[in-house]
């Protein structure tokens, strides 16, 4: 899904098709909204947005994005398509002073829909990060983020919503490391996230507040191999409804990870963890998580990334309406995800970059199919292609296209629902460097 421009914006399909075809012959950079690291909740689908600004202490950019989506509400039947437009004023900061480095991004957006103008809105994406280091071996990162955007339809399939609903997210993170040059190092960190929605009814069911803290120890026996053991504690607060209290969660995790630079062109990441959750309403649970990642650069211009994941994606859980008894809310949050993610980035020339990606995920919900012992399961497949053309350092042009397909093992759409969505978009960005 992509956002839009002025209230008067009513592009003709022929004009947009011509623009898409023109830019499609050039290039684009496909990216995801750089939202704060979410709790274990599904991340937004890809969205066309301005490319990375030129390397400079300070940059200002003006971008225009036009997108067509075949199923903007991610519905199983009665699909509605629409053109959307996003006009954005973008900022970027990258400044070093002494041992410290300050980075920042900012985007102020005017979003307009062609047919569903009731969804018109303004949004923003703001982020600031400080890489800090002391005279000794103490270093770390401190960052804050704020994102305001239209709720991504279908992202939380448990609570179908088709109206204007602005999602506001504020997040902060802190990381510190003592050592790192020798065999051993100590690590500490903390994160917080608060997410709200403008629609009162939706907000009462889906508002989310979360914070976590962690500590760990690292061991680096060689320059090419490093390992780390982390202990993490997370508190998740869910809103109460009129019929039932929210299911708050206290999660304890232990995670062991290893990074191995196998060759100059190949890097492996491994992770395995065990989580224990205490719920105030639902049953307590324990589960394993893990992942394997492989980054491979067969040539200096081609980068391939492959990931296999098992995580609690969706685990901090948006809730759906309480059941008819009013006792315990039916919840879509308690699920585990198995996923395969593959991406490729190819610098075809110094001015043209191509991207491709494929993703498959299987989510198993805690909800059972009525009158059976089978759990509700959904499977999502996504394919993405993008190209970016930068004829000058101050100009980026690009297009991307992506298809999502979801299927489920039940006709009951209270928890999840099947859908198909095809999204295609193009952008143009002008960069100014004072």
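The values are calculated or read from the model by the stated rules, or taken from the named source; none is laboratory data. None of these values were measured; they are calculated from a predicted model. Here Cβ is always computed from backbone atoms with ideal geometry, including for glycine, and neighbour counts include all displayed protein chains.
Only one entry in 254, 250, 262 is closer than 21 Å to residue 217 by Cα and surrounded by fewer than 15 Cβ atoms within 10 Å (Cβ to Cβ), namely 254. The selection criterion, being closer than 21 Å to residue 235 by Cα, crowded, with 16+ Cβ neighbours inside 10 Å and in contact with a strand residue (DSSP E or B) (Cβ under 8 Å, 6 or more places away or on another chain), holds for residue 172. In the range 82-126, of all residues being within 23 Å of the chain's Cα centre (by Cα) and not in a strand (DSSP E or B), the one that is surrounded by the fewest Cβ atoms within 10 Å (Cβ to Cβ) corresponds to 120. Of all residue pairs spaced 6 or more apart or on separate chains, those with beta-carbon atoms under 6 Å, a first member in the range 419-434 that is more than 17 Å from residue 80 (Cα to Cα) and a second member that is surrounded by fewer than 19 Cβ atoms within 10 Å (Cβ to Cβ) are 426/20; 428/64; 430/62; 431/54; 431/394; 432/60; 433/56. Can you find a residue that is modelled with pLDDT under 95, surrounded by 16 or more Cβ atoms within 10 Å (Cβ to Cβ) and assigned to a strand (DSSP E or B) anywhere in the range 149-157? Yes; the residues of the range 149-157 include at least one that is modelled with pLDDT under 95, surrounded by 16 or more Cβ atoms within 10 Å (Cβ to Cβ) and assigned to a strand (DSSP E or B).
For the range 215-235, enumerate the residues that are within 22 Å of the chain's Cα centre (by Cα) and touching a residue at least 24 places away in the same chain (Cβ under 8 Å). Within the range 215-235, 234, 235 qualify. All conditions in (1) over 25 Å from the mean Cα position of the chain (by Cα); (2) at pLDDT 90 or above hold for residue 325, with the sole exception of (2).
Within the range 409-434, being at pLDDT 90 or above, buried (at least 21 other Cβ atoms within 10 Å of the Cβ) and closer than 20 Å to residue 78 by Cβ holds for 419, 421, 423.
Assessment of the range 289-309 against the conditions (assigned to a strand (DSSP E or B) and modelled with pLDDT under 60) yields no matching residue. When the range 343-354 is filtered for residues that are over 17 Å from the mean Cα position of the chain (by Cα) and part of a strand (DSSP E or B), the ones remaining, listed by number, are 344, 345, 346, 347, 352, 353, 354.
Restricting 271, 331 to those that are surrounded by 16 or more Cβ atoms within 10 Å (Cβ to Cβ) and modelled with pLDDT of 95 or more reduces the list to 271. When 200, 194 are checked against the criterion of being surrounded by fewer than 16 Cβ atoms within 10 Å (Cβ to Cβ), at pLDDT below 95 and closer than 30 Å to residue 118 by Cα, a single residue qualifies: 200.
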